[in-house]
Amino acid sequence: MARSINESGSSWVFPDGPLEEIASRCDVITAASLVGSCKFYHDSATQSVALPASQPFGMPCVLHTHQTEVPPAHNPFSRVHKFKQQGAQKDKQHDAKDRKGTLCQLTPLDRISSDAVIPDGGTGMWAGANGDWIALLGFPWNWELVNVYTGRRIPLPPISEFKSTPDKLVFESNDQHLQLLKIAICRVPTAASNYTSFSVLAIFNAAIAVLHCASSRWTVLDNQFLAYGYSDAIIHKGIVFAVTQTGEVYAWNQLSWGPLLISTAPIPPELDEQGRYNLGSWWLARSPDGSRLFLVHTWGVTDGRDYTGLVRILPAAATSEGRHGRTIRGYGKGLLGCEVYSMDTSQLMPPRPWRRIISLGSYSLFLGVNYPIIIPVEDGAEHDRPNMARSNSVYTSHHAVGLAYPPSPEICRFSLNSEDCTVGFQTNIRWTWRQVPLWLIPSFANARQWNLPSRHRLCRGGGDGHLEALTGDNIDLIAAHLDVTYTVRLAACSRELYDMISKDEGKMHHWDEPCLLMPPPAYWFDEHWDVARTSRLHDTVYDLVPLDHPRRSVALPFMHDRKWLGANGDWIAAADHHGWCLVNVYTERHIPLPSLPDSKIRHSIVSYRPAYSFNWGPAIYLLKIVICQVPTKGGRYADYKLIALFDKTIFYLEGGGDWRMLEALTPAPDYPNYCDAIELRGHVFAVDETDGSTYFWDTANENLMLPFVIPPPVVDDQQYAWFLAPSADGKRLMIILTVNKIGIANAEVPPDIPYAANGLQLRQYPPVATYVFELDPLSTARAGDFLWRQVNSLSDHSLFLGLNYPIIANLKKRESKAPDGTLVPFMRKNCVYTAYRNIRYNQYPKILRCNLQPDEGETVGVISLPKDGWDSVRQAAMWFKPALNIARSVLPLKKQ
C-alpha cells in the first residue's frame, strides 16, 4: 500500500485496511459485492469489526426509490460485463444483457438512510424479494429474478393462460381482468442447483400461479369457491396457502388435491361488529422454526379502496418526532391494530383451529411485497428513546405493487405488547415513481455462493494489500460509489488503479468541475442534529453536487465538531473551540494556525458562533478565511498565505509568521464594511460593501502602511453584492458586482423546479444587472490613475464565487446558453456563479447563475436550498473542484 504524507509521515492511505475503508464508503450493495469479489476480502469481512458498524448489514431496511435516479450513462451497472470462459460454456443468460441499475435508498429503522444501487431492467418494477433476490417486472412478460449483489438474471416464462395488456400489472383470462399483486419468491435459486430450481408464486387478485423451474410452465391454481380477491400467498411444507381480502384461507396440494377452504377469518367480535377488519390487510407467514403457518391481520391502515357503507377509520397521529431524517408518528390505541394467529398444518382435513399468538418472543415479522421475514430483534434505547427496531412486533409496508394510493401510515410497527402504541413513518416515495417500498436485509452471508459454479465474479490474487485482486469490473463498481476523497485514495494505491479510475469511461466522477459542497439533505431537515452524530460515518459525510450530474458524497472525517470557514484547491480552513486550522481534503494533513493577537482582538468562545470584538471597540464578525496560497510539499507546507476577513477589519498571515492586522483609513466608529478580500501579486485587496471602494496593502512592507483606495467602477443608488477575483492569468484584479436583492413583482416567490439530474431545486427570476471590471492594480497605482475596464465576456470561462477562493473554470466544451432557453444545463460558460458570501450570510435566493451576455428576456438561474447555512446545518454551501491528480502529486504512487 502507498503511504500518504502527513505530519508524522507514517500514516497509511487506508489506516484501517483496504476492505474496511473502501467498503465503509461504498453503498451497502456495492460493499457486499466487494466482499464477494475475492476470497481475501470475504475472509477479512467475516472477521471485521468495523465493517458491520459502517454498513447496515443484517439490519431490516426499507428499500425504496431514491430522490434522484441515476441515468444509464452514470450508472455502474449500465455497461456490459464480459467474463473469461473457464473451459466451460459461457453463461449466455448472465452475460447477454447489460447490468443496469437504479440508485435507491435503504432506510434502516434506527439509522440515517444510505444509498444502494439495485440491478434493474431499465423499466423493471420491483414485485417481490427474498434474501439476495428480487423479482422484476418488465413489459411484455419480461419477468426476471435478479440477484441484487451479482446482477445474475433468471428470466421467467410467461403464463400461457393469461393475455397481457398495455398495463404491465393487468392481464386477461376468460374475459376476466386480473391485477397482479406481487411475486412471492418462496424458494430462492442457489448455486447448488445451478440456479435452475426455485419456487415462486404469482399472486393476482383472482388467481394464483406457481412455478418451480425456469424451464417449466406456470401452473394456475383454480378456485371455484373464491368470492373475494386474494391478499397474500406462500408455500408452506410443499402446500400452497392463500388468504383472501376477507380472511378466508385456501390450500392446494399440487400433486393430489385443492383447493380446500381450511378456515374463515378468525376475527375478534369487537372488530367484526364495527367492520374494521374490512379496512385491513391479511398476510401469511411461517413461524421461526418453519413448523407452523402464521396468519396476520392488520387493521386501521387506510388505502384508496372504496368501502361502500362502511365507516372509514382515518388514523390520527397522537405524537410525532424527528428521527434520523424522518418523522416518526405514534397512534393512539384502538386506531390501528394487529393480530397474529398460528395453525399446525400437519392435518388439514379437517383443519385444526387457529390459535391466537400473544407474543413472538424475541422475534419480529416484516411483511410487505417481499417474502415474509421473521428474525430475532434486539431491543435497545438511543438517546433515552426506544428504538424503532423492537422485538415482539409486526412491521408492514405496501401489501401490493401498483397501489393507486399509498398506505397511511406507509411503514408501520405494530407491537404485540398491549401497552405499546403503533408507530409509523413515510418514505420519500412519490406516486409518479414506479417502485414500491419493500423490506430487504443487506448481507454478504451468501457471498461464497455468488461465485459458484461459474467464477464470473471470483477474483483470486495476493500480494501487497491484495488490491490487485480487483478486476476492472470491480474497480468500476467500487469507484462509482466511493465518495470522492476515498476514490482518490484508492487511485493513490498503485499506478494501475490510478489509470483505471482516471479513465472513468462512465463519467461517474466529474473531476475538475466545480461542484457544490454542502451537507446532505437529511441534515437540512433533521430536527435533532445530535442524532446524526451517532454514526462516525454520517457525521462527516457531505454532498458534492455537480450542477448537471448525480450528486456524490465526500467523506471529511476531520470535520467532526468543526465548521468550514473557507477553501482553496485541496485545502479547507476549519474551526472548532480549540482554534483554526488548515486541513487537506484528501490526505487529512492538519496545519494548526496561530491565534489572533490578543493586543488587537478579543475572542469569546460560543459554541458554533465564534464572537470577536476589538479590545477598544465594538463586536466584529468573522466572514470567512481566504486561503490565498495553499501550502505545498515544496514549501514544507509553510508557504501558505491567508486572510481572516472580518466585517470591520482584516488580518493577514504568511506561513511561519503571526497574524498582522491591516489598518484602514476610516477612523472609529466609521469602520469599513468589508465583504470580500484576496491576495494578488504580494498585495492584499479588500472591497467595502457600502460603496464598492477597494483597499489594498503591500504585504512586503513589514509595517503595513495605510492602504491605497481604489474608487468603485460604478457609482449609483443600487445596492450591489461585491466580489473580488484574480483574472485567468493571475495578473489583473477583477471586481464583480451583482444586484444584492432580486425578486419579482409583489414579492412573489417563483415555484421550485426539481432537477432530476442531481436532486436540486431550481427557480427562475427576472434578469439582473451583473458586471465584471478589471485593472492592473500595480501599474495603475504607480501612475496614480485607477481606471476600471469593463469585461463584457469571460469567453470560455466562468467564475464561481463564495466562501471558497474564486474559481475560474475553463468550460470550453460547455454552451453559454440553453438551446431552448430553459434553465438546464445549469453549468455554462461566460457566467458568474455566486454562493454563500460568508459563513453567516442569510442571503436570498441562495445560489445564482448570471450570464454576462444574456439574451433578451433570459432569466437568472437560481438554486434554492432548504434552509440558511449557519443556523440550520452549521455549514454554508460553497464551491469545490474535486481533483484526481493529487493522487500523483501528493500521494506517492507505488508500482505493483
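General remarks:
- Peptides ranked, highest mean first, by Cβ atoms within 10 Å: ranges 178-184, 495-501, 711-717: 178-184, 495-501, 711-717
- J(HN,Hα) series, segment 676-686, from Karplus relation 6.51 cos²θ - 1.76 cosθ + 1.60, nearest Hz, glycine and proline x: 7, 7, 8, 10, 9, 6, x, 10, 9, 10, 9
- Per-residue ³J(HN,Hα) for segment 145-157, Karplus 6.51 cos²θ - 1.76 cosθ + 1.60, θ = phi - 60°, Hz, x for Gly and Pro: 9, 10, 7, 5, 9, 9, x, 4, 10, 10, x, 9, x
- Residue-wise HN-Hα couplings along segment 285-297, as the Karplus relation 6.51 cos²θ - 1.76 cosθ + 1.60 with θ = phi - 60° gives them from phi, are 8, 10, 5, x, 8, x, 8, 10, 9, 9, 10, 10, 10 Hz; Gly and Pro carry x.
- Accessible area in the full protein assembly, largest first, 1.4 Å probe, for 414, 57: 57, 414
- Members of 648/817; 641/829; 237/333 lying beyond 31 Å, as alpha-carbon distances in this model show: 648/817; 237/333
- Summing Cβ point charges (Lys, Arg +1; Asp, Glu -1) relative to the Cα centre of segment 173-268 gives a dipole of roughly 300 debye.
- Value in Å of the Kirkwood radius, where segment 141-208 supplies the Cα pairs that are averaged: 13.3 Å
- In this structure residue 152 has an accessible area near 20 Å², from a 1.4 Å probe over the protein heavy atoms.
The values are calculated or read from the model by the stated rules, or taken from the named source; none is laboratory data. This structure is a prediction, so every number in the text was calculated from the model and none was measured. Here Cβ is always computed from backbone atoms with ideal geometry, including for glycine, and neighbour counts include all displayed protein chains. Quick note on the areas: whole protein, heavy atoms, side chains included, nothing else; ligands and nucleic acids left out. Shrake-Rupley method; radii C 1.70, N 1.55, O 1.52, S 1.80 Å.
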